[in-house]
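To start, the structure itself, in C-alpha cells.
The values are calculated or read from the model by the stated rules, or taken from the named source; none is laboratory data. What you are looking at is a predicted structure, and each value in this text was computed from that prediction instead of being measured. So basically every Cβ, Gly included, is an ideal-geometry build from the backbone, and we count neighbours across all protein chains shown. All accessible areas refer to the heavy atoms of the entire protein, side chains included, with ligands and DNA or RNA removed. Shrake-Rupley method; radii C 1.70, N 1.55, O 1.52, S 1.80 Å.
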Amino acid sequence: PPSSRVVFYTVRRVRGHASLSMAAPSHLKKSLGRNLKDNYLKHWTPEDGGKTSAMGADMEDMLTDEHVRSVQNLGLDPDKVEVYYNASPAILYEQALRYEKGTSITATGALVVRSGVKTGRSPQDKRVVDEPSSSRDVWWGKVNIKLEEASFLVNRERAIDYLNTNDRIYVTDGFAGWDPDYRVPVRVITSRAYHALFMQNMLVVPSEKELDEFEVDAFPKPFVIYNAGMFPANRYTEGMTSSTSVSINFERGEMVILGTQYAGEMKKGVLTVMMYLMPLRPSRNLSPAVRALPLHSSCNVGKDGDVSLFFWVVGYRQNNPVC
C-alpha cells in the first residue's frame, strides 16, 4: 500500500530484484529491512495472511547503495541513528508519547507537546547568509540580518553532529505550495517526532510518483531544514547573539535551527523561502507585473464551491483575521 513507504527515510521505494546487486552496510540493511517489514505487516488484512511469510528476511536484501548515499548526502550516519521517513501520524504520535517528556493527548485527540523554553518565535536570532546569488534581492536591515557563510557552515556542522548523536531522527518530505509550476520541495530533518508531525500538517504530502522530486539528484534540489533545536548554538560563533540561531542560506537551499524547539520556526522559514522565490518566478528577466505574487493567506472551500480567503493582520497588540 502507498503508506508502506512511511517508515525510514532511506526506504523511499523498493526496487526490483534486477537492481539488488549493490551492498549496503549491514547495520543499515538490517534496520531498514526490519522496519520495512514491520510497516508492511501493519497494512495486511486477514485475507492477505499468506503473503506475509514471503516477505521474511529478503527485505534487507532489497536495499541498495542508493539508499545509503541518500542518507550520507545529508551528513547523517546511518550506522548510528535510525531514520524515520514520512512516518504516519499514528507512528509519530506513538514516538512522541514514548520519547518526548510531557507529551499527552487531549480529549479531542490533539497531541499536546512541550517546546522547551521557547514558546514563540525568536525573530532577533534569525539570520540570512549574505552571498552573491541572493544578496541584491534581500532587504537588509533589522528583520533580515546578515550572516557570513562560514558562520552558517559552523551552525550546520553543529546541527548535523547533534542529529547524529540521537538514537532516532525524523525526515519529512513535502511541498510548499500546490501549483506544480511554483511549488517548492522541502525536506525537514529533526530529532523530535512532534516537529515531523507539525510539518506534515504544514506541507502538501507528495504522491508516490512525486517523491522523485526529493531524490538526491533531483532538480531543483529540495530545500532542507536541519532542525537541531534541542541543541544550543555556540554564542561565540561570529554573528550569534544568543544560544538560539535560525539561519537561512538561499544559495545552498538550507535552513539550520539551533537552540529553539518551537515548531513555528520551520513554518516561518518555509514562508520566508516562498516570499523570496515567488517574486522571481517564472523568471527574474520578466517585468514584476507578470511575475508571481506571494500571498500570506489561507482559503476554505464550501460544500457549494464557494471560497473564502483568510488574511491575518499582525501588528502591535493585534492578531486579527480578516475575511
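To keep it simple, each residue is scored yes or no on (1) surrounded by fewer than 18 Cβ atoms within 10 Å (Cβ to Cβ); (2) within 24 Å of D125 (Cβ to Cβ); (3) under 16 Å from the mean Cα position of the chain (by Cα); (4) not aromatic (F, W, Y).
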{"site": "A263", "(1), (2), (3), (4)": "no, yes, yes, yes"}
{"site": "M266", "(1), (2), (3), (4)": "no, yes, yes, yes"}
{"site": "V270", "(1), (2), (3), (4)": "no, yes, yes, yes"}
{"site": "P288", "(1), (2), (3), (4)": "yes, no, no, yes"}
{"site": "H296", "(1), (2), (3), (4)": "yes, yes, no, yes"}
{"site": "K303", "(1), (2), (3), (4)": "yes, no, no, yes"}
{"site": "S308", "(1), (2), (3), (4)": "yes, no, no, yes"}
{"site": "W312", "(1), (2), (3), (4)": "yes, yes, no, no"}
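Which residues, taken from region 232-291, are aromatic (F, W, Y), under 27 Å from L203 (Cβ atoms) and out of contact with any Lys or Arg (no Cβ under 6 Å at 6 or more places or on another chain)?
F250, Y276, listed by residue number.
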Practice item. Tell me, please, whether a residue that is over 28 Å from K146 (Cβ atoms), of a type outside the set (A, V, I, L, M, F, W, C) and surrounded by fewer than 18 Cβ atoms within 10 Å (Cβ to Cβ) can be found in region 216-224. Key: yes
Practice item. Starting from region 139-161, take each residue that is in contact (Cβ under 8 Å) with a residue 60 or more places away in the chain and list its partners that are surrounded by fewer than 17 Cβ atoms within 10 Å (Cβ to Cβ) and among the polar types (S, T, N, Q), counting only C-beta distances under 8 angstrom and pairs at least six apart or across chains. Key: V154/N234; R158/N234
Review point. Looking only at residues in region 96-146 that are assigned to a strand (DSSP E or B) and over 21 Å from Y262 (Cα atoms), which one is most open to solvent (accessible area, probe 1.4 Å)?
Key: K146
Study note, to complete from the structure: Considering region 192-248, residues that are at pLDDT 95 or above, in a loop (DSSP other than H, G, I, E, B) and small (G, A, S), and then whichever is nearest to V171 (Cα to Cα), we arrive at G229
Practice item. Name every residue in region 193-214 that is open to solvent by 10 Å² or more (accessible area, probe 1.4 Å), in contact (Cβ under 8 Å) with a residue 40 or more places away in the chain and either under 22 Å from Y262 (Cβ atoms) or touching a Lys or Arg at 6+ places or on another chain (Cβ under 6 Å) (or both), in order of residue number. Key: Y194, L197, F198, Q200, M202, L203
Review point. Can you name the residue in region 154-191 that is open to solvent by 30 Å² or more (accessible area, probe 1.4 Å) and of a type in the set (A, V, I, L, M, F, W, C) and, of all such residues, is modelled with the highest pLDDT?
Key: V154
Study note, to complete from the structure: Note on region 96-114: residues in contact (Cβ under 8 Å) with a residue 40 or more places away in the chain and closer than 17 Å to Q200 by Cβ are A96, E100, T103, L111, V113
